[in-house]
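K.L.:
So that we are looking at the same thing, I have put the structure below in structure tokens.
The values are calculated or read from the model by the stated rules, or taken from the named source; none is laboratory data. Because the structure is predicted, anything quoted here is derived from the model rather than measured. Glycine gets a Cβ as well: all are built from the backbone with ideal geometry, and neighbour counts include every protein chain shown. Protein only, heavy atoms only, side chains kept; ligands, DNA and RNA dropped before computing areas. Shrake-Rupley method; radii C 1.70, N 1.55, O 1.52, S 1.80 Å.
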Amino acid sequence: MERRTIGAAALEVGAIGLGCMPMHWAYTASQQSGEGALRTVHAALDAGTTLLDTADMYGPFTNELLVGRVLRERRKEAFVSTKCGLLVGDQHIVANGRPGYVKRACDASLRRLQTDVIDVYQLHRPDPEVPVEETWGAMADLVSAGKVRALGWCAIGARTRRRSRAGLYDATIRQLERIQQVFPVSCVQAELSVWSREALDSLVPWCASRGVGLLAAMPLGNGFLSGTLTPGQGFEPEDIRARHPRFTAEMMAANQPIVAGLRRVAGRHGATAAQVALAWVLAQGRHVVPVPGTKKAGWVVQNAAAAQLRLTPEDFAEIAALPKAMGSWD
């Protein structure tokens, strides 16, 4: 199984990770199953997917508890990434980057994960009321204490809106430059997929030039690029796609040519559209690790196999010529 390294700490992970969030957060609550999710995480490790990505806010807390049940038996096989910095209320989510809170949150995550060290501890969001250097310094203290091996930055949902001549990740890069002066950034997590390529403009090159890993979140476009969703199918109220402008019936229909293009490429390789989408992300750099989220063991096995797919120059040209996705948060 192919391996990749993350950051200056040279932490080794499998070529494709597993995003555990959908098992307890943001997607189709009626399909969430504790035992099913447990089988999925075990299936991921069996398939060579070592990176397990979670956060204390997913559930909240239940996602880490799930991962902890697996780690209790298979800690040496897993690379654990979790996040801090967001608190979930009844109707709201708020950032908390106070140093004391960050350290308490880490201790709580360690207990839930049933481990004595977290491989990568990510800051989910910076707190606008706390200088980011203070938050990052507290996280660096956790490395010194042996509770965390490396630090990461989560840029999902923190992109700036596009202004004239302004890149979508300009603000993120400015923050990364600041915290690099405090303690090395080992990885940045950001959205990257065939239909969301903005990170390629500046963020992916920034990471490559500094030896920083890029954890590509939503590499399957929230499931759309797998070709398994039907325009107008509807989503449960808690599902984030119920409010996403790319998942209206109109936009899903309009974006079908993107899926059709992936299927054409897949047909030449005996693969699936999802595997082609993941192989495309992998090809964006040796420092890039796609982290697709799923609840089902079958998808995990299929996703892991994408690491063996080698796209041709013809494939890349065809994917590059696909129409731009319609509907966006930005």
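K.L.:
Restricted to the stretch 57-69, and to residues that are assigned to a loop (DSSP other than H, G, I, E, B) and out of contact with any Lys or Arg (no Cβ under 7 Å at 6 or more places or on another chain), which residue is most open to solvent (accessible area, probe 1.4 Å)?
P.N.:
Across the stretch 57-69, the extreme among qualifying residues is Pro60.
K.L.:
Might you let me know whether the stretch 143-166 holds any residue that is buried (at least 21 other Cβ atoms within 10 Å of the Cβ) and hydroxyl-bearing (Ser, Thr, Tyr)?
P.N.:
No.
K.L.:
While we're looking at this one, here's another question. Within the stretch 274-303, can you find the residues that are of a type in the set (D, E, K, R) and surrounded by 17 or more Cβ atoms within 10 Å (Cβ to Cβ)?
P.N.:
Correct list: Lys295, Lys296.
K.L.:
Evaluate the following for Glu238: is it assigned to a loop (DSSP other than H, G, I, E, B), surrounded by fewer than 23 Cβ atoms within 10 Å (Cβ to Cβ) and acidic (Asp, Glu)?
P.N.:
Criteria met by Glu238.
K.L.:
Then there's this: Take the residues in the stretch 70-81 that are in contact with a strand residue (DSSP E or B) (Cβ under 6 Å, 6 or more places away or on another chain) and either modelled with pLDDT under 95 or closer than 17 Å to Thr294 by Cβ (or both); name whichever of them is surrounded by the most Cβ atoms within 10 Å (Cβ to Cβ).
P.N.:
Taking the candidates together, the pick is Ser81.
K.L.:
Against the condition assigned to a loop (DSSP other than H, G, I, E, B), open to solvent by less than 40 Å² (accessible area, probe 1.4 Å) and not polar (S, T, N, Q), how does Ala271 come out, does it pass?
P.N.:
For Ala271, the condition - assigned to a loop (DSSP other than H, G, I, E, B), open to solvent by less than 40 Å² (accessible area, probe 1.4 Å) and not polar (S, T, N, Q) - is met.
K.L.:
Ok, one more. Could you tell me whether any residue of the stretch 79-91 is part of a helix (DSSP H, G or I) and closer than 28 Å to Gly211 by Cα?
P.N.:
No, the stretch 79-91 contains no residue that is part of a helix (DSSP H, G or I) and closer than 28 Å to Gly211 by Cα.
K.L.:
Is it the case that Thr172 is open to solvent by less than 40 Å² (accessible area, probe 1.4 Å) and modelled with pLDDT under 95?
P.N.:
No, not satisfied.
K.L.:
Limited to the stretch 111-135, what total is found for residues that are part of a strand (DSSP E or B) and of a type outside the set (D, E, K, R)? Spell out how you get there, then give the answer.
P.N.:
First pass over the stretch 111-135, keeping only residues part of a strand (DSSP E or B): 118-123.
Within this subset, residues satisfying the condition of being of a type outside the set (D, E, K, R) are 118, 120-123.
Residues flagged as part of a strand (DSSP E or B) and of a type outside the set (D, E, K, R) within the stretch 111-135 amount to 5.
K.L.:
What residue, of Ala260, Ala208, is modelled with pLDDT of 95 or more and surrounded by 14 or more Cβ atoms within 10 Å (Cβ to Cβ)?
P.N.:
Result of the check over Ala260, Ala208: Ala208.
K.L.:
While we're on this one: Find all pairs meeting these conditions: Cβ atoms under 7 angstrom apart; at least six residues apart or on different chains; first residue within the stretch 212-237 and touching a residue at least 24 places away in the same chain (Cβ under 8 Å) and on the phi > 0 side of the Ramachandran plot; second residue of a type in the set (Asp, Glu) and not in a loop (DSSP other than H, G, I, E, B).
P.N.:
If the second residue must be of a type in the set (Asp, Glu) and not in a loop (DSSP other than H, G, I, E, B), the pairs left are Met218/Glu191.
K.L.:
Among the candidates Leu65, Leu87, single out the residue that is out of contact with any Pro (no Cβ under 9 Å at 6 or more places or on another chain), of a type outside the set (Phe, Trp, Tyr) and touching a residue at least 12 places away in the same chain (Cβ under 8 Å).
P.N.:
Answer to the selection: Leu65.
K.L.:
Out of (1) part of a helix (DSSP H, G or I); (2) closer than 29 Å to Ala9 by Cα; (3) in contact with a Phe, Trp or Tyr (Cβ under 9 Å, 6 or more places away or on another chain), what's the single condition that is false for Val182?
P.N.:
Condition (1) is where Val182 drops out.
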